[in-house]
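Q: Below: one structure in structure tokens.
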Amino acid sequence: MKAELTLPERPAAVHLLAVLDVLVLVVVFFVLLTSVTQEAGVSVGLAETGYRLESYRKPIVVTARGGPRPVVYVGQDRVLLEDLSEELRKVVEATGAESMFLRADEMLPVGVEREVVEAGLRQGLKVALVGRQDEGRRSGEDRRAAERPATDE
């Protein structure tokens, strides 16, 4: 006895369902992946700031953690505070960096923060302190943008 095909002549919809299942899984994967990943570098508790960072070209990210023995990282490489100027010089020569972002922990002593900033300035870098946005103290431009009504353009 001959088997008969019970699907309509164009079974594209059946095949399309499998493709859609795979696409949904890929989208869900990337949505979950971005919510789990942390920005590159070392985790610190940033101080709150009411200002936004302007655009800098080729920045070096320096992270400083506080505590009884402060720790400094250039990118993800741990560096002794005494060797920071030399390490910054090497990175500037290798990458042509023009600026340095300092991600300083809230518990970092002011003296250590000053030493890190001065090490960057000695290398001719523009130094910017990075903080997390404080919703209560937005800069004037941010405040005006938040107060502006949304338009459907």
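Per-residue answers, yes or no, for (1) touching a helix residue (DSSP H, G or I) at 6+ places or on another chain (Cβ under 9 Å); (2) among the charged types (D, E, K, R); (3) within 18 Å of L125 (Cβ to Cβ):
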site: G66; (1), (2), (3): yes, no, no
site: P70; (1), (2), (3): yes, no, no
site: V79; (1), (2), (3): yes, no, yes
site: D83; (1), (2), (3): no, yes, yes
site: R89; (1), (2), (3): yes, yes, yes
site: A97; (1), (2), (3): yes, no, yes
site: A104; (1), (2), (3): yes, no, yes
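Q: So in region 1-47, with the set limited to residues that are assigned to a loop (DSSP other than H, G, I, E, B) and of a type in the set (D, E, K, R), which one is modelled with the lowest pLDDT?
A: Selected residue: E39.
Q: Within region 77-86, is there a residue that is charged (D, E, K, R) and surrounded by 15 or more Cβ atoms within 10 Å (Cβ to Cβ)?
A: Here is the first cut: in region 77-86, the residues charged (D, E, K, R) are 77-78, 82-83, 86.
After this cut, where a residue has to be surrounded by 15 or more Cβ atoms within 10 Å (Cβ to Cβ) as well, the list is none.
Scanning region 77-86 turns up no residue that is charged (D, E, K, R) and surrounded by 15 or more Cβ atoms within 10 Å (Cβ to Cβ).
Q: Can you work out which of the residues in region 89-102 that are modelled with pLDDT of 90 or more and of a type in the set (D, E, K, R) is farthest from R78 (Cα to Cα)?
A: This residue is E93.
Q: Which strands (runs of 3 or more DSSP E) sit wholly inside region 61-111 and have at least 1 residues that are in contact with a Phe, Trp or Tyr (Cβ under 9 Å, 6 or more places away or on another chain) and free of Cβ contacts under 8 Å to residues at least 24 places away in the same chain? Give the steps one after another, and end with the answer.
A: Details: elements: 71-74, 77-79, 99-104.
Ranges flagged: 77-79.
Q: Being loosely packed, with under 10 Cβ neighbours inside 10 Å, among the charged types (D, E, K, R) and at pLDDT 80 or above, is that true of even one residue in region 60-76?
A: yes
The values are calculated or read from the model by the stated rules, or taken from the named source; none is laboratory data. Just so we're clear, the structure is a prediction, and the values are computed from it rather than from any experiment. All Cβ positions, glycine included, derive from the backbone under ideal geometry; neighbour counts span all protein chains shown.
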